[in-house]
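See below for the structure under consideration.
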Amino acid sequence: MVLMGALSVALGLLPGAAIRHWLYPVHYAQAVQDSAERHGVDPSLVAAVIKSESNWVSTARSGAGAEGLMQLMPATARELADRGIVDGSVYDPDDLSDPATNIEYGTAYLATLLDSAGSTDRAVAAYNAGPGAASAWGGGDSDFRDAIEFPETRLYLEKVTEAYEQYRALYPDGLVDDAVTR
């Protein structure tokens, strides 16, 4: 509790930009912006997924085999390339450790989920648990969160939602203008 109080006081003394870059950083901002525009996804949502999936660590790898910033499964990337959703000649689906490539495939996948799921909550849950699991959870939009059967997915949705709200509030002029370059 004391640590939380000290952190709150310290954050109150830091200028807004410092808080932004410390708590909710943005790396690879141009790649995020470009992919988000190409696929019709809010760049702040892409940033929130990246923060929640890998905390901006491009070399992240899960035990299940998900790779990179957006923790994408290689089979998902190949499917997106095979379907022509992502240009595999520009973005190699076997090179998910490359930040721009991972962001392109992850954003494209998120866009397909947003198109099919009908709501941001359902799309984010599907990104974590898979589209089959998310579509099996009934409930209208107002009680969808309560219908999620996987505790990990429920927590993931809360984490992404919080990050999404923070990115939108802390970067009102867009991610590229204030981003930390990397």
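None of the figures in this text is laboratory data; all of them are computed from the coordinates on show. Just so it is clear, the model here is predicted, and its values are computed rather than measured. Please note: Cβ atoms are built from the backbone with ideal geometry, for glycine as well, and neighbour counts cover all protein chains shown.
Miscellaneous remarks
- Distant-in-sequence amide H partners of Leu72 (H built 1.01 Å from N, under 5 Å): Glu67
- Listed peptides 165-171, 96-102, 60-66, 72-78 appear in the order 96-102, 72-78, 165-171, 60-66 once ranked by packing, highest mean of other Cβ atoms within 10 Å at the front.
- For Ser119 and Asp92, a Förster radius of 25 Å and the Cβ-Cβ distance give a FRET efficiency of 0.20, rounded to the nearest 0.05.
- Segments 85-95, 124-134, 105-115 sorted - mean Cβ within 10 Å per residue, highest first: 105-115, 124-134, 85-95
- Sorted fewest first by neighbouring Cβ atoms within 10 angstrom, Lys159, Lys51 come out as Lys159, Lys51.
- With N counted as the residues of segment 27-178, its alpha-carbon radius of gyration over 2.2 N^0.38 Å works out to 0.98.
- Between Ile85 and Glu158, the C-beta separation translates, for a Förster distance of 41 Å, into a calculated FRET efficiency of about 0.90.
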